[in-house]
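In what follows, a single structure is set out as structure tokens and then discussed.
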Amino acid sequence: MPGQKLTLDPGGPPRLELEWGGYMREFKIIFDGELIGEIDGGQRELKQGREFTLPDGSTLSIRLRQSLFLDELELLRDGQPLPGSAVDPYNKFSFTISLVFFWGVADVIAGILQLFDNGTLLLSLGFSQYSIVFGLGLIGCSYLIYRGYRLAPIATLLLYFVDWFVAIAVGLEADVQPNSLGILVRIFVAVLIFQGWRAMGKLQQSG
């Protein structure tokens, strides 16, 4: 059965446990090992949202929300995101740093392979020999995002899309059409980077 364990405070022990079945039915809320509530209506009821009073007197709000094509389980305690939850800005910020870094590494590797092999698969997925340069730029951007530079996410998205458009141009010149799977992956990753940008702004506002 899928589940998730969460702390109430950063660095604290996991005290809240969530368990659910298929399509998020039989959703159970367990606090310090004791069942304190259930949501039986699956995703439909979760999208409407529910509130539970925890034994420590705080209010836990649970809602399944759609954010830029992604379903996220919003978990708020007295209106604040729980640490490590899907809507925790720090969690999204940290994930974005890793995502940009590893995409940059993948860019460099794919660019090197394309430089020596000049195959059509990587080109159709949006990688060209020029991806080496863009990949190095993205690796640098991941560090700048980590350092909290506000323009770093903008530079990241700019490099990301220019890399893609250059690969499309090179591919069309070689009579290689963009792969539909590659397009979907590119859009999905761009959405994740954009969410990390928003999370970075929230952290800077609160900090």
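A few comments on the model shown:
- Taking the convex hull of Cα positions in segment 105-158, its mean projected area over all directions (nm²): 3.5
- Separation of the Glu72 and Thr53 label points, Cα + 7 Å toward Cβ, nm: 2.9
- Spin-label proximity, Ser206 to segment 83-125 - amide N less than 12 Å from point 7 Å beyond Cα toward beta carbon: 83-93
- Options (i) 35, 17, 16; (ii) 40, 20, 13; (iii) 43, 18, 16 - which one matches semi-axes √(5λ) of the Cα gyration tensor in Å as calculated here: (ii)
- Taking the centroid of alpha carbons for each part, segment 113-157 and segment 38-76 are 37 Å apart.
Read the figures in this text as sums done on the coordinates, not as results from a lab. Note that the structure is a prediction, hence the values are computed from the model and not measured. Glycine gets a Cβ as well: all are built from the backbone with ideal geometry, and neighbour counts include every protein chain shown.
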